[in-house]
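This report concerns only the one structure given below.
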Amino acid sequence: MTETGSPTPDGPPPGCPAHGGGGALRLAGLEYQQTPSQLYRTLRREHGAVAPVLLDGDIPAWLVLGYSELSYVTNHDELFARDCRRWNQWPNIPPDWPLMPFVGYQPSVLFTEGEEHQRRAGVITEALEGVDQFELARQCREIADGLIAAFAGSGEAELMSTYAHALPMIAVVQMCGMPHSGTDTERLVDDLRISLDAAEGDDPVAAYARVGERIAQLVKEKRERPGPDITSRMLLHPAGLTDEEIVQDLISIIAAAQQPTANWICNTLRLLLTDERFAINVSGGRLSVGEALNEVLWLDTPTQNFIGRWAVRDTQLGGRLIRAGDCVVLGIAAANTDPQIWPESHVGAENSAHLSFSNGEHRCPYPAPLLADVMARTAVETLLERLPDLVLSVEPEELTWRDSIWMRGLTALPVRFTPVVQ
């Protein structure tokens with residue numbers, strides 16, 4: 001898809017380990033998908049902090065596994081930039097490549113750099129700052145109560161689909177000014193899931209196009225009738241973003257808020273329900289909930305890997321020669337569990353120096369992590385308060401993870417509890 005990129009004329013050098021040689025490991029169809037920590041340990045043992053890998057279709061890239069190396073990449077935009085048009089592999093990328101929603105150039109804040117990025121990120125930051133965190137917590141409690149009421153009388157539930165996935169979806173579309181229910185909203189959320197984490201048979205490229213169409217309609221509606229929401233604040237901002245820029249940035253906001261937060265909620269519930277360290281205090285134990293939320297960001301972070309950065313020029317990273325135009329994948333999960341920072345394999349739950357919200361100029365804009373924490377914390381605490389004897393209805397080892405190297409989330413979280421008469 002050469003129109004979306006600016007390939008270098010000579011391409012990568014022959015024999016470069018990131019380009020088909022040097023024992024590069026495929027990141028698609030992994031046997032390690034249920035236990036990616038094994039994959040990261042293998043790659044770190046064989047290649048060090050920066051490993052050659054192959055993306056879908058055997059497209060070469062580098063996976064950054066080290067905490068300090070990933071911090072270096074994200075703090076040096078002059079060497080590892082976000083504009084994907086630098087990629088030297090565009091001549092080899094088909095238009096229907098599964099990862100196109102991640103890397104196909106769009107006029108989005110995700111691909112901007114320098115002053116333009118500061119301008120766009122500034123609009124998002126101010127729009128998010130307009131969200132009252134106490135009001136958001138109240139809304140999330142109301143959403144949680146409504147979702148719980150739908151299954152509380154049955155004594156059993158599958159929490160991933162009926163609760164963890166639904167709560168941040170409803171919250172974020174409300175924040176953006178969309179109706180929290182209805183066919184359009186449900187289709188939007190499903191298409192976001194497909195574009196971010198496609199299952200077999202899904203078409204992520206088509207799904208992403210439909211997401212853009214629905215958000216464009218929202219922007220048009222808010223241009224005509226603004227309200228107290230993120231979309232309207234972006235439209236009214238003095239920076240004067242175009243409708244197309246706002247559409248692309250709203251997609252980034254919704255995608256970043258919805259599925260990662262859902263996985264954060266579910267991964268935290270799994271930890272609370274399976275780890276004996278939390279068992280004593282799980283019933284309304286607010287301190288243990290906070291610790292569990294933070295520990296999940298270290299050990300089961302919702303976004304495992306992020307694509308990516310593109311080398312501006314030839315440079316060294318972790319003892320590797322990275323050529324200009326090479327793609328660098330941020331190995332967030334691997335970096336968070338780097339034995340160089342946790343030499344005894346003990347992650348301190350009180351430490352919040354994880355990289356789950358990235359780092360540097362392109363990290364999640366303030367106050368997005370705070371809003372995600374409000375949604376996740378409220379979801380977990382409300383559920384445990386309403387259903388204090390909640391337990392898994394399967395053995396912990398029967399839980400399975402979604403087959404994705406990018407996102408970390410369960411396929412299902414079945415539970416049982418004493419039925420509650422409403």
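Here are some notes:
- Part-to-part distance (alpha-carbon centres) for region 219-284 and region 363-377, which is given in Å: 8 Å
- Note on E135 and I341: the model spin-label points, each 7 Å out from Cα along the C-beta direction, lie 3.5 nm apart.
- Under the combined filter of DSSP loop state and at most 13 neighbouring Cβ atoms within 10 Å, region 292-389 retains these GluC sites (Glu not before Pro): E344, E350.
- Farthest towards the positive end of the charge dipole of the chain, among the residues Y208, A255, M234, is the Cα of M234, using unit charges on the Cβ of Lys, Arg, Asp and Glu.
- R0 of 22 Å, Cβ-Cβ distance E385-E276: FRET efficiency to nearest 0.05: 0.55
- Put simply, when 105-115, 233-243 are sorted by average Cβ atoms within 10 angstrom per residue, most first, you get 105-115, 233-243.
- Here's the picture: charge each Lys and Arg Cβ at +1 and each Asp and Glu Cβ at -1 in region 307-422, and of I307, M375, T337 the one pushed furthest to the positive end of that dipole is I307.
- Heavy atoms of the protein chains alone define the surface here; on that basis region 110-229 has 47 Å² accessible area per residue at 1.4 Å probe size.
- Selected from T74, G104, C140, residue furthest toward positive end of dipole (the chain; charges at beta carbon): T74
- Inter-label distance for E46 and S154, nm, one decimal - labels placed 7 Å from Cα along Cα-to-Cβ: 4.3 nm
- Prolate is the label for region 137-187, because the ratio a/c of its alpha-carbon gyration tensor axes (a ≥ b ≥ c) is 1.5 or higher and a/b is greater than b/c.
- In this calculation the C-beta distance from E221 to E142 is compared with R0 = 25 Å, giving a FRET efficiency of 0.55.
- Gain upon complete extension [S393, R416; 0.36 nm per residue less C-alpha separation]: 7.7 nm
- Rounded to the nearest 20, the size of the Cβ-charge dipole of the chain about its Cα centre is 380 debye, with Lys and Arg at +1 and Asp and Glu at -1.
- Between region 47-71 and region 290-322, the C-alpha centres lie 9 angstrom from each other.
- Size of charge dipole - region 52-203 - debye, nearest 20, with Cβ of Lys, Arg +1 and Asp, Glu -1, no other charges: 260 debye
- Neighbour net charge for G240 - beta-carbon separation under 12 angstrom, K R +1, D E -1: 0
The values are calculated or read from the model by the stated rules, or taken from the named source; none is laboratory data. Keep in mind that what you see is a predicted model, and the values were worked out from it rather than measured. Using ideal geometry, Cβ is built from the backbone for each residue, glycine included, and neighbour counts are taken over all protein chains shown. Calculation scope for accessible area: heavy atoms of the full protein, side chains included, ligands and nucleic acids excluded. Shrake-Rupley method; radii C 1.70, N 1.55, O 1.52, S 1.80 Å.
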